[in-house]
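**Q** For reference, the structure I am asking about is given below.
The values are calculated or read from the model by the stated rules, or taken from the named source; none is laboratory data. Computed from a predicted structure; not experimentally measured. When we count neighbours, we look across all protein chains shown, and the Cβ atoms used for this are built from the backbone with ideal geometry, even at glycine.
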Amino acid sequence: MQAYERIMEVSALTPDGLFRGLLRGQGYLMTMVDGEIIVSEDRCPHADFPLSSARREGDSVICPMHNGVFDLKTGESVGLRKFSPLCRVPSRVVDGYVEILVDQPADASAVIESGGAREN
């Protein structure tokens with residue numbers, strides 16, 4: 001089962017930045033392109049490098065490991081060397097927070113009832 005969960009306040013994002021959010025130990029890359037919030041897994045599909053630590057040029061992110069260039073809006077590899085696309089994550093904005101669609105634990109009610117801390 002999947003559900004949306006909060007990961008970061010929208011106010012923490014800037015139009016030209018790359019941001020890392022954590023949810024249950026998984027890193028997510030968040031950024032804005034033309035006012036749209038884009039979320040993908042925070043790793044280069046080729047070298048597993050955290051792209052939130054990479055360089056952004058315009059609407060692209062450049063992985064320093066092998067100079068892989070990815071279009072942030074589409075996730076496609078657009079550099080001279082072609083790599084698998086970024087793994088995009090469905091997202092939405094609710095009450096000033098970015099929420100992402102994630103798999104729920106087998107017993108999601110136990111997590112909610114226990115009041116366990118969540119990573120943001």
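**Q** Name the pairs whose Cβ atoms lie under 8 Å apart, with the first residue in region 43-68 and within 12 Å of ARG81 (Cβ to Cβ), the second charged (D, E, K, R) and outside any loop (DSSP other than H, G, I, E, B), and 6 or more positions between them or separate chains?
**A** Listed by first residue and then by second, the contacts come to ILE62/ARG55; ILE62/ARG56.
**Q** If you scan region 31-57, which residues turn out to be farther than 17 Å from THR74 by Cβ, among the polar types (S, T, N, Q) and surrounded by 15 or more Cβ atoms within 10 Å (Cβ to Cβ)?
**A** SER52
**Q** In region 50-71, how many are farther than 24 Å from GLU9 by Cα and either of a type outside the set (A, V, I, L, M) or at pLDDT below 95 (or both)?
**A** 7
**Q** Residue by residue through region 31-90, note down the ones that are within 19 Å of VAL102 (Cβ to Cβ), touching an Asp or Glu at 6+ places or on another chain (Cβ under 9 Å) and either part of a loop (DSSP other than H, G, I, E, B) or not polar (S, T, N, Q) (or both).
**A** Across region 31-90, the qualifying residues are PRO50, LEU51, LEU86, CYS87, ARG88, VAL89.
**Q** Just need a number here: residues in region 11-30 that are in contact (Cβ under 8 Å) with a residue 60 or more places away in the chain, assigned to a loop (DSSP other than H, G, I, E, B) and either surrounded by fewer than 13 Cβ atoms within 10 Å (Cβ to Cβ) or more than 15 Å from the chain's Cα centre (by Cα) (or both).
**A** 2
**Q** On the basis of being among the hydroxyl-bearing types (Ser, Thr, Tyr), on the phi < 0 side of the Ramachandran plot and out of contact with any Ser or Thr (no Cβ under 8 Å at 6 or more places or on another chain), does SER84 make the cut?
**A** So SER84 fails the test.
**Q** Does region 91-103 hold any residues that are in contact with a helix residue (DSSP H, G or I) (Cβ under 9 Å, 6 or more places away or on another chain) and either among the polar types (S, T, N, Q) or assigned to a loop (DSSP other than H, G, I, E, B) (or both), and which are they?
**A** Once the filter is applied, which keeps residues that are in contact with a helix residue (DSSP H, G or I) (Cβ under 9 Å, 6 or more places away or on another chain) and either among the polar types (S, T, N, Q) or assigned to a loop (DSSP other than H, G, I, E, B) (or both), region 91-103 yields only GLY96.
**Q** Shifting gears a bit: Any residue in region 82-99 that is modelled with pLDDT of 90 or more and more than 28 Å from MET1 (Cβ to Cβ)?
**A** yes
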